[in-house]
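Peer 1: One structure follows; several queries about it will come next.
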Amino acid sequence: MEKINLTAYKDPKSPISEAYRTIRTNIQFAGVDKPLKVIIVTSATPNEGKSTVIASLAIVMAQAGRKVLLADCDFRNPTQHKLFGLANRGLTNFVATGEPIENIKQQVGQENLEVIPSGPVPPNPSEILTSQKMAGLLEKLKGNYDYILLDTPPILPVTDASALSAKVDGVLMVVASNAVSPSEAKLAKTRLELAGAHIIGCVLNKVEIAPHGYGYGKYGGYGYGNYGYYYYYGHEDGQGPTEHHHHHEGEQNKETEKA
């Protein structure tokens with residue numbers, strides 16, 4: 001489907017797509033003891049690229065044969081319908097008017113992936129997100145998918161993500177390099193922990209990398225250039241996190257949206 005302008009879909013062999021596949025693999029390992037089926041992807045502040053990250057992660061999970069549902073729960077600044085070229089008919093239609101859930105799940109041209117847009121912006125986003133109707137919907141959908149990915153608002157400006165975080169299996173934080181201070185990132189993490197969230201990891205986005213040593217041809221740096229995704233996954237018992245990194249072409253960073 002030409003409407004999907006995401007590297008993970010258009011160029012599955014690219015370094016950035018490989019980076020998302022590594023995130024996918026680490027999530028699978030993180031769920032060895034307790035499967036991670038419903039996962040929130042959020043950020044500390046707006047404009048860190050969380051909506052692009054979750055959309056790309058949904059695509060690579062679907063490409064691996066997993067049945068995936070991506071739901072846009074960022075009712076304040078909905079983005080997924082734009083990324084996938086869909087009509088914005090979705091969750092708020094279900095909650096407010098009782099629209100059947102089958103009517104709002106939309107095919108996007110990627111096998112194994114369905115998307116539920118946010119729907120029209122409501123006057124009470126937090127109340128809808130934490131409503132019994134929303135909780136019942138997630139419980140009902142669990143049996144139909146391997147993964148349900150929820151794109152939620154950023155943590156610091158509003159309480160939506162924190163309020164929902166304890167009701168899901170895990171939370172993945174996106175942090176934009178040089179856009180968020182360490183204190184802001186720590187405060188966001190603390191708010192999630194106080195809410196009872198299970199933080200499974202962090203994606204450090206928009207990282208500028210100086211080209212170095214081992215590389216591929218003219219680009220000079222491992223992974224073709226100046227931008228990258230760094231990510232680490234949670235650890236217990238005082239052990240340090242396992243770190244992974246992949247870089248990608250500088251021009252690819254343009255796909256990171258402002259959400």
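Peer 1: Out of 122, 100, which single residue is surrounded by fewer than 21 Cβ atoms within 10 Å (Cβ to Cβ) and without any contact (Cβ under 8 Å) to a residue 24 or more places away in the chain?
Peer 2: 100
Peer 1: Moving on to the next point. Return yes or no: is residue 115 touching a helix residue (DSSP H, G or I) at 6+ places or on another chain (Cβ under 9 Å) and part of a strand (DSSP E or B)? Let's see the steps before the verdict.
Peer 2: Numbers: touching a helix residue (DSSP H, G or I) at 6+ places or on another chain (Cβ under 9 Å): yes; part of a strand (DSSP E or B): yes.
Judged against the criteria, residue 115 is a match.
Peer 1: A further question on this structure: Taking the conditions exactly as written (touching a helix residue (DSSP H, G or I) at 6+ places or on another chain (Cβ under 8 Å), at pLDDT 95 or above and in a strand (DSSP E or B)), does residue 60 satisfy them or not? Walk me through how you get there before you give the answer.
Peer 2: Numbers: touching a helix residue (DSSP H, G or I) at 6+ places or on another chain (Cβ under 8 Å): yes; at pLDDT 95 or above: yes; in a strand (DSSP E or B): no.
For residue 60, the condition - touching a helix residue (DSSP H, G or I) at 6+ places or on another chain (Cβ under 8 Å), at pLDDT 95 or above and in a strand (DSSP E or B) - is not met.
Peer 1: A further question follows. Look through segment 118-134, keep the residues that are within 17 Å of residue 195 (Cβ to Cβ) and assigned to a helix (DSSP H, G or I), and return whichever of them is nearest to the chain's Cα centre (by Cα).
Peer 2: Within segment 118-134, the match that is nearest to the chain's Cα centre (by Cα) is 129.
Peer 1: Any chance segment 64-71 includes a residue that's in contact with a Lys or Arg (Cβ under 8 Å, 6 or more places away or on another chain) and either surrounded by fewer than 18 Cβ atoms within 10 Å (Cβ to Cβ) or under 23 Å from residue 128 (Cα atoms) (or both)? Let's see the steps before the verdict.
Peer 2: Here is the first cut: in segment 64-71, the ones in contact with a Lys or Arg (Cβ under 8 Å, 6 or more places away or on another chain) are 64, 69.
Checking which are either surrounded by fewer than 18 Cβ atoms within 10 Å (Cβ to Cβ) or under 23 Å from residue 128 (Cα atoms) (or both) leaves us with 64, 69.
Yes, the conditions are met somewhere in segment 64-71.
Peer 1: Can residue 19 be described as small (Gly, Ala, Ser) and not in a helix (DSSP H, G or I)? Steps first, answer last, please.
Peer 2: Values: small (Gly, Ala, Ser): yes; not in a helix (DSSP H, G or I): no.
It is false that residue 19 is small (Gly, Ala, Ser) and not in a helix (DSSP H, G or I).
Peer 1: Report yes if some residue within segment 73-82 is crowded, with 20+ Cβ neighbours inside 10 Å, in a helix (DSSP H, G or I) and of a type outside the set (D, E, K, R); otherwise report no. Lay out the reasoning, then the answer.
Peer 2: Here is the first cut: in segment 73-82, the residues crowded, with 20+ Cβ neighbours inside 10 Å are 73-75, 78-80.
Okay, now just the ones that are also in a helix (DSSP H, G or I), so 80.
In the following step, the residues that additionally are of a type outside the set (D, E, K, R) were identified as 80.
Within segment 73-82, one or more residues are crowded, with 20+ Cβ neighbours inside 10 Å, in a helix (DSSP H, G or I) and of a type outside the set (D, E, K, R).
Peer 1: With the requirement that a residue be touching a strand residue (DSSP E or B) at 6+ places or on another chain (Cβ under 7 Å), assigned to a loop (DSSP other than H, G, I, E, B) and either modelled with pLDDT under 90 or under 14 Å from residue 69 (Cα atoms) (or both), what does segment 85-110 give you? Give the steps one after another, and end with the answer.
Peer 2: First, the residues of segment 85-110 that are touching a strand residue (DSSP E or B) at 6+ places or on another chain (Cβ under 7 Å): 86, 90-91, 104-108.
Within this subset, residues satisfying the condition of being assigned to a loop (DSSP other than H, G, I, E, B) are 86, 90, 105, 108.
Correct list: 90, 105, 108.
The values are calculated or read from the model by the stated rules, or taken from the named source; none is laboratory data. Every value quoted in this text rests on a predicted model; they were computed, and no experiment measured them. Note that we place each Cβ from the backbone using ideal geometry, even for glycine, and neighbour counts take in every protein chain shown.
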